[in-house]
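The values are calculated or read from the model by the stated rules, or taken from the named source; none is laboratory data. Keep in mind it's a predicted model, so treat the numbers as computed, not measured. Using ideal geometry, Cβ is built from the backbone for each residue, glycine included, and neighbour counts are taken over all protein chains shown.
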Amino acid sequence: MNIPSSQPGWTLPQLDPATTASLAATLGCPLPIAALLLSRGITDTAAAEHFFHPTLADLHSPWLMLGMKPAVVRIQQAIAASEPILIYGDYDVDGTTATVLLKTAIERSAPKDKPAKVTYHVPHRIREGYGMQTGILTTAAASGVRLVISVDTGIRAFAAAAEAKLLGLDLIVTDHHLPDQASGVPEAIAVINPAQHDCPYPNKDLCGAAVAFKLAHAILLSAAESSTDPEAELTRLYTKLLPSFLKLVAIATIADSVPLTGENRAIVALGLQELRNPVQPGLRALMQVAEIPLDRPPTAPEVGFRIAPRINAAGRMDIASDVVELFLTRDAARATELAQKLDQLNHDRRATEAHALAEIEAQLAAMRLPDESYPIGCIILDDPDWHRGVLGILASRIVDRTGRPALVLMHEDGQAHGSGRSIQGFHLLDALTATHAATPSDPTLVFTRFGGHAHAVGFSLPSANLPLLRARMSTHATPILTSPLLSPPLACDAALTLTDIDENFMDWLTRCGPYGIGNPEPLFASFNLILSAPVRILKEKHICLTLRSDESPTTVNALGWSRRIDWLRLSVQLSLQPGSRVNIVYKLKQKSNRLYPGLDLELVDLHLATPGTP
């Protein structure tokens, strides 16, 4: 295919044709699939085998993680002495699933005649906020708890760690958030976090539930090896228990948007397979209310857009401990009741979010420039009435809409609480760290607390400090957010003709998933396609184009959903009509309706084809 050299803003991988053809022949896959693999660093059949057929062997040993051995020893001591253990969780998907995983593993590792005493605390987002609270530790100590294990939290809990020591509590921290570079890690029996300094664990991008899973793996492995029948117990561990645990780890890994490469991709691929027709009543009920068929594994988008929001809704709108109960109960009726509650909470969350988004759209419209772009910088929006539980979602929506990093805040009793999301290339936690720091000319510290990752943060500050946050963030962000970072070229994975897209191609494309950060859903480019029918307008703002190529009369639908691009306005500006020729970038989507199978093209970008282009 001849690709127009003048097409602006798109790139295609520059691959050696002979290498691409050789890999395609070796694997028996279409040429564009071989190009996709090569562009993602998969250059030989051995690497392709691991990519297409992940196994438990692709998971790293938990013993590679700093702090793992002393943590397991202390937990074994607690089990042997029948000491009460408290798991201190968090209220999102990552924290609730981590709580379930670790509680289950500790209880399964205990002797049947001497069950472990494990309780858990999942904080209330509004009343307690994120992180370990000293008051909860005081109550735990008074009840007889002597060992506290944090999951998906704790890496910056210096005050809580100091309080635990004063109370005579031993603390084990498991977390994946970035430590404070200046302060190090809290004092504890063990800190298990691959992101901490000197941890040799190869995968630094585990979600919180995956870190808890590593501890669970080590606990169960130690119990199996010390059992009266190690061979049988180890076989059971690797054929039944660990695969079963991966169901929840996969959900958390997808929900937490960590890179889906290497070990993380293996976790998700294996976990999705295990989610087919689950036996546990809670998972089964949740998939049913999410309208996910039980006769096949769910896809990563189904988990990300149907399962995860319902789990998160509990912590956003009500009590996240309902999620832990859902995944622990063996009562089918109770599981159905809880799943239906989560479903209703998700409806409530969507209504709350929609109301706030209408206000956000008005604020964004006010700052939009004459050329329809947005000012360079980090967008910071606040409103006293926005619900704290949806701030992260609102920030994500702003990023999708504007292509800018965003901080969204609400106010309560003189304090502002916020969440932030970012774009590729702008490290949001580093930005908050720089913004927080005092200077010789201004000794004010901005935040009461903050933490997170490069792409997602949470924070609190006195409402009076909001102007200072805006000023310092502008100073930090504006020089970094240059036009190449804000408007990068679309990196297409391959150029396709419509005749390339057949059942065999789609089968191979499915096998290249699950997709996510690090292994993004492929973008394809097609050129000189013909619009064979008038533009259809869907729901007053979306469009559907009916396209064909010169090579075949068969048509395909290309859908433009209004996100960052106003597709309806663009179609009018380009005067699209039957006979118009276009170049498009798109994603391939299988239709979800089984009564009307097939595929659609989801438009990402569109230009008129240059006249005379072959």
Selection over the range 496-537 where residues are touching a Phe, Trp or Tyr at 6+ places or on another chain (Cβ under 7 Å), crowded, with 16+ Cβ neighbours inside 10 Å and not in a loop (DSSP other than H, G, I, E, B) yields a count of 2
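Quick one: how many residues across the range 269-314 are aliphatic (A, V, I, L, M) and outside any helix (DSSP H, G or I)?
Keep residues of the range 269-314 that are aliphatic (A, V, I, L, M), which gives 269-270, 272, 275, 279, 283, 285-287, 289-290, 292, 294, 300, 303, 307-308, 311, 313-314.
Narrowing further to those that are outside any helix (DSSP H, G or I): 275, 279, 290, 292, 294.
Here the count works out to 5.
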Within the range 435-473, the count of residues that are of a type in the set (Gly, Ala, Ser) and surrounded by 16 or more Cβ atoms within 10 Å (Cβ to Cβ) comes to 6
* Asked: Can we say Arg511 is among the basic types (Lys, Arg), farther than 18 Å from Pro32 by Cα and either touching a Cys at 6+ places or on another chain (Cβ under 8 Å) or in the same structural domain as Leu15 (by TED's automatic domain parsing) (or both)?
  -> no
Query raised in the report: Somewhere in the range 136-147, is a residue surrounded by 21 or more Cβ atoms within 10 Å (Cβ to Cβ) and out of contact with any strand residue (DSSP E or B) (no Cβ under 6 Å at 6 or more places or on another chain)?
Result: yes
Any hit, the range 285-305, residues being modelled with pLDDT of 95 or more, under 16 Å from Ala250 (Cα atoms) and among the aromatic types (Phe, Trp, Tyr): no
Within the range 412-428, residues over 19 Å from Ser487 (Cβ atoms) and in contact (Cβ under 8 Å) with a residue 60 or more places away in the chain come out as His417
Counting only residues that are surrounded by 19 or more Cβ atoms within 10 Å (Cβ to Cβ) and under 15 Å from Ala339 (Cβ atoms), the range 270-279 contains a total of 1
Subset of the range 127-147, residues more than 27 Å from the chain's Cα centre (by Cα) and of a type in the set (A, V, I, L, M), comes to Ile136, Leu137, Ala140, Ala141, Ala142, Val145, Leu147
* Check whether at least one residue in the range 19-36 is surrounded by fewer than 13 Cβ atoms within 10 Å (Cβ to Cβ), within 30 Å of the chain's Cα centre (by Cα) and farther than 30 Å from Arg127 by Cα, and report yes or no. => no
Of the candidates Glu540, Glu551, the one satisfying the condition of being out of contact with any strand residue (DSSP E or B) (no Cβ under 6 Å at 6 or more places or on another chain), touching a residue at least 40 places away in the same chain (Cβ under 8 Å) and either loosely packed, with under 14 Cβ neighbours inside 10 Å or polar (S, T, N, Q) (or both) is Glu551
Scanning the range 329-356 for residues that are buried (at least 18 other Cβ atoms within 10 Å of the Cβ), among the aliphatic types (A, V, I, L, M) and in contact (Cβ under 8 Å) with a residue 40 or more places away in the chain gives Ala335, Leu338, Ala339, Leu342
Among helices (runs of 4 or more DSSP H) completely within the range 400-493, the ones holding 2 or more residues that are β-branched (Val, Ile, Thr) are 428-436
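Conditions (1) farther than 30 Å from Leu496 by Cβ; (2) at pLDDT 95 or above; (3) out of contact with any Cys (no Cβ under 9 Å at 6 or more places or on another chain), marked per residue:
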residue	(1), (2), (3)
Cys29	no, yes, yes
Leu38	no, no, yes
Thr43	no, no, yes
Trp63	yes, yes, yes
Asp90	yes, no, yes
Ala116	yes, yes, yes
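Per-residue answers, yes or no, for (1) in the same structural domain as Thr97 (by TED's automatic domain parsing); (2) at pLDDT 95 or above; (3) loosely packed, with under 15 Cβ neighbours inside 10 Å; (4) under 27 Å from the mean Cα position of the chain (by Cα):
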| residue | (1), (2), (3), (4) |
| --- | --- |
| Ala188 | yes, yes, no, no |
| Val211 | yes, yes, no, yes |
| Leu221 | yes, yes, no, no |
| Leu234 | yes, yes, no, no |
| Lys240 | yes, yes, yes, yes |
| Ala250 | yes, yes, no, yes |
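Can you name every residue in the range 109-135 that is among the charged types (D, E, K, R) and surrounded by 15 or more Cβ atoms within 10 Å (Cβ to Cβ)?
Hits for the range 109-135 are Lys117, Arg125, Glu128.
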Test Pro54 against the stated conditions and say whether it is buried (at least 18 other Cβ atoms within 10 Å of the Cβ) and outside the structural domain of Val148 (by TED's automatic domain parsing). yes
